[in-house]
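Notes for the one structure printed next.
Read-outs: derived from the displayed coordinates by stated rules, not from any lab. Note that the structure is a prediction, hence the values are computed from the model and not measured. Here the Cβ is made from the backbone with ideal geometry for all residues, glycine too, and neighbour counts use every protein chain on show.
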Amino acid sequence: MLQRLLLSALLCTMFLLSGYSTERQTVYSLVKQRQTVEWYQEQASLWEKYVKQNPQNGEAWLNYYTATRMLKVYQKGPNQDDLDALVKDMGTSIPESFEYHYAAYQNGGIFKNEDLTKHLMKAVEMQPDNPMLFVHLFTYYELRRDKEYLQSVAERWLASNDMAYGLYAWNYNMLESTEESAILLTAGDNDTYPALVLQYARDVRTDVELLNIHLLANMEYRKRVFTELGIRPFDKAVEDYDSELDYKRAICRHLKKQTERPIYFGVATQPAIYEPFKENMHNTGMALKWSDDRFDNIAVIKKNYEKRFLLDHLRLEANSHISDGVVNHSNANYLVSMLTLYNHYRESEDPKAENMKALITHVAEKANMKDRVVALLEDEPISGTSMVIHHPKEIMQYFVKVDEYLYAGTHEVSNGMYNLFLTDLIKQRKFDQLNRVKMQNVDWRSLLSPEMAALNEAELFQNGAPLEDEFPVCNISKESAELYCKWLTDVYNGMEHKKKQHKLVHFRLPTEKEWEMLASSNGKHGPYPWGGPYLRNAKGCFLANVNTSDAVPPSEHASEKEACPEIANYTNDLDGGIIPVRTGTYMPNAFGLYNMCGNVAEMVKEEGISKGGSWNTPGGHAIISASESFEAPSPEVGFRVVMQVLD
């Protein structure tokens, strides 16, 4: 009782603070109709007041329950205990009603026990054609892989006109974005059930195996599906992983490893699910193909839009439907592939660019994204020029002349410079390339010793956060580094400016031999860039950001900080850095190049090789002649650029 009183007070307070004062309205799940949090707060308060006056009104109870449930979804007050108490009150007031049995079943979560199933079957017995039941019936029979009943439910659901045509068209296009016999992974209601209804009721792309990732988390269901598909069982449970998200990622990886069928994710799938393998995701329109091999996905997008997709519903105003807002919101998922195709049409001077521009504008306006999208459609400079760099000095300030034909970057490429590259790609609408070169997130604590990982934020990031502009970019692919070099080359060569020193240059990664020459300042003796044989100077201070976990203070009589005043304010590492530090830290070598040893290891032209060692490389291994290998983006690997003068 106390819990119910607290919930009532909370909803009343929310209602008063919201400033709303309108009449009661029918409340639908956000899957069917999107409303604001304030609206759900208002309706929950209004319907609660009404059921107190009319406790036998099932419709009122269901609206009250649904509004409260949506607030739980938005994490705005009510919790599962509140919903359980509300359903219990419904059972007391209207125990034999359709609304009570429906709410009792829905309240039990995705994977229901047999006691809850009785509520579903009772609701079906009372109102067999109520469209509210179809999603639950479909899930119930899908978990059991009862395809005969699935077809029956699909036909009834389609005939009910419960789902908007736009959702069916959206899901049709998602299915058409896959190749033959694909496995398509989805993660929501509106990118799962409309597609399954099309498959079972209209035989649309029945060669595609559509699987909802959240349902696959159910072990019994997963066993049934994997047995059907001839895939080895995945017997791990969610308790075997740090989080439910890691568990679902592991299921996806297992599926990828155990089948030869092409695998896709629906474009609306939460990116967190495929975050660890996002570099291998390729947009094909309304799906993302999971492929280790690159392919011309723009050609695939073009074919899909020109020959396979249903698009009339995007151009025309269809009959009004309660889910129009949901459809408009979902249609925003078209924009990335549309903008990619628009950019392709423009660059190839295809007249279809104007029609695509009009369609993009219309879709963006309906999705309340017009202001964010229109700027990307305005006339911009042609490829080879830059939207963010306008003077050669903006590039050359980071380079020093080594000889007549070679310049070297004085610093490792920083986040600031790399972000200019990303910004230019966005402004020039090169979205496909942008997806290939994005930096991957790093959980820095997971890379450290338990002692270092336990430091608070102020201690761990005392030098600044690794994503700040002055820090070296890292955890990117070699392809990303090479595309950055190509961008610099195109920008410099395409620039017309009287201060430009050279007509034609080529920015690139140095060869391993060139890198060693640069690190040693053209052959100065010594294993390290400063020419000496030791990692420390005469005071015992470290000259680079390397792994010092096995190091000792410089003398018995002075602490490291007393001997090295430049790190006196730093409390947790002998060389002044636990993780990467700013690119201009420590003394440069004779060429004026910073951090040729330590901080981040640097890619070279040769495949899979990095030089100089990183913040995590033992100091004795971070010598000029040594090299390390890498196969994928790493928080320990960045890059430096050289400029070759061609004319």
Reach of Lys498 by Cα under 28 Å, taken over lysines that are not fewer than 8 positions away in the same chain
Lys393, Lys401, Lys427, Lys486
Based on the Kirkwood radius over alpha-carbon pairs, what value in µm²/s does the Stokes-Einstein equation return for the translational diffusion coefficient of the range 263-325 at 37 °C and 0.692 mPa s?
240
More than 13 Å apart - percent of Cα-Cα pairs taken over the range 147-201
58
Tell me, what is the FRET efficiency for Glu220 and Ala538 to the nearest 0.05, using R0 = 60 angstrom and their Cβ-Cβ distance as r?
0.30
Under 5 Å, built H, 5+ apart or other chain: amide partners of Ser634
Asn475, Ile476
Cβ under 11 Å from Thr36's Cβ, Thr36 left aside: what net charge do those residues give with Lys, Arg +1 and Asp, Glu -1?
0
Pairs of Cα atoms farther than 13 Å apart, the range 389-448, %:
73
P(r) tail fraction, the range 67-153 - alpha-carbon pairs more than 22 Å apart, %:
29
Taking every pair of distinct Cα atoms and averaging 1/r, then inverting, what Kirkwood hydrodynamic radius in Å comes out for the range 402-551?
18.7
Please list, in order along the range 266-280, the HN-Hα scalar couplings obtained from phi with the Karplus expression 6.51 cos²θ - 1.76 cosθ + 1.60 (θ = phi - 60°), rounded to whole Hz, x for Gly and Pro.
x, 5, 8, 4, 4, x, 4, 5, 9, 3, x, 10, 5, 5, 9
Grab the eigenvalues of the alpha-carbon gyration tensor for the range 247-288, scale each by 5, take roots, and send me the semi-axes largest first in whole angstrom.
16, 13, 9
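If the convex hull of the alpha-carbon atoms of the range 322-460 is projected onto planes in all directions, what is the mean projected area in square nanometres?
For the range 322-460, the mean projected area of the Cα convex hull comes to 14.6 nm².
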Using Cα pairs under 8 angstrom and six or more residues apart, how large is the relative contact order of the chain, in percent?
9
Would you grab the residues whose amide H sits under 5 Å from the one on Phe507? Only those 5+ places off in sequence or on another chain, please, with H modelled 1.01 Å from N.
Thr489, Gln644
Filtered hits (aspartates and glutamates, Cα-Cα < 13 Å from Lys118, offset >= 8 within chain) -> Glu96
Cα Rg, Dmax (largest Cα-Cα span) when computed across the range 36-90, Å:
10.4, 29
Would you work out the relative contact order for the range 203-320, in percent, from Cα pairs under 8 angstrom that are 6 or more residues apart?
15
Which residue, Pro351, Ala590, Tyr100, has the largest displacement toward the positive end of the dipole of the chain when charges sit on each Cβ (Lys, Arg +1; Asp, Glu -1)?
Pro351
Given Cα pairs under 8 Å that are at least 6 residues apart, what percent is the relative contact order of the range 383-484?
32
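Could you sort 392-404, 536-548 so that the peptide with the highest average Cβ count within 10 Å comes first and the rest follow in order? Working shown, then result.
On the way: 392-404: 14.8, 536-548: 20.4.
My ranking of the peptides, most packed first, is 536-548, 392-404.
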Which listed pairs, of Lys147/Lys357; Lys430/Lys500; Lys257/Lys352; Lys430/Lys503, have C-alpha distances above 32 Å, in listed order:
Lys147/Lys357; Lys257/Lys352
Suppose the Debye formula is applied to equal point scatterers at every Cα of the range 392-490; what is log10 I(q)/I(0) at q = 0.10, 0.18, 0.25 Å⁻¹?
-0.37, -0.95, -1.36
What is the spread of the Cα atoms of the range 235-391 along each of their three principal axes, largest first, in whole Å?
53, 50, 33
Whole-Hz Karplus ³J(HN,Hα) for the range 197-202, in order, using 6.51 cos²θ - 1.76 cosθ + 1.60 and θ = phi - 60°, x for Gly and Pro?
4, 4, 5, 7, 9, 10
Local electrostatic count, Ala601, Cβ distance below 10 Å [Lys/Arg +1, Asp/Glu -1]:
-3
Ordered by residue, what ³J(HN,Hα) values in Hz, to whole numbers, does the range 408-425 give under the Karplus form 6.51 cos²θ - 1.76 cosθ + 1.60, where θ = phi - 60° and Gly and Pro are x?
10, x, 5, 10, 4, 4, 8, 4, x, 5, 5, 5, 4, 4, 5, 4, 5, 4
Note on the chain, DSSP bridge orientation, antiparallel percent to nearest 5 equals 70
Loop sites in the range 196-270: GluC sites (Glu not before Pro), DSSP, at most 10 other Cβ within 10 Å:
Glu260
The set of residues whose placed amide H lies less than 5 Å from the amide H of Val402, leaving out same-chain residues fewer than 5 positions away, is Tyr407, Ala408
Based solely on its DSSP helices, what 222 nm [θ] is calculated for the chain when runs of n ≥ 4 H residues each add -39,500 (n - 2.57) and the sum is averaged over all residues, nearest 500 deg cm²/dmol?
-13000 deg cm²/dmol
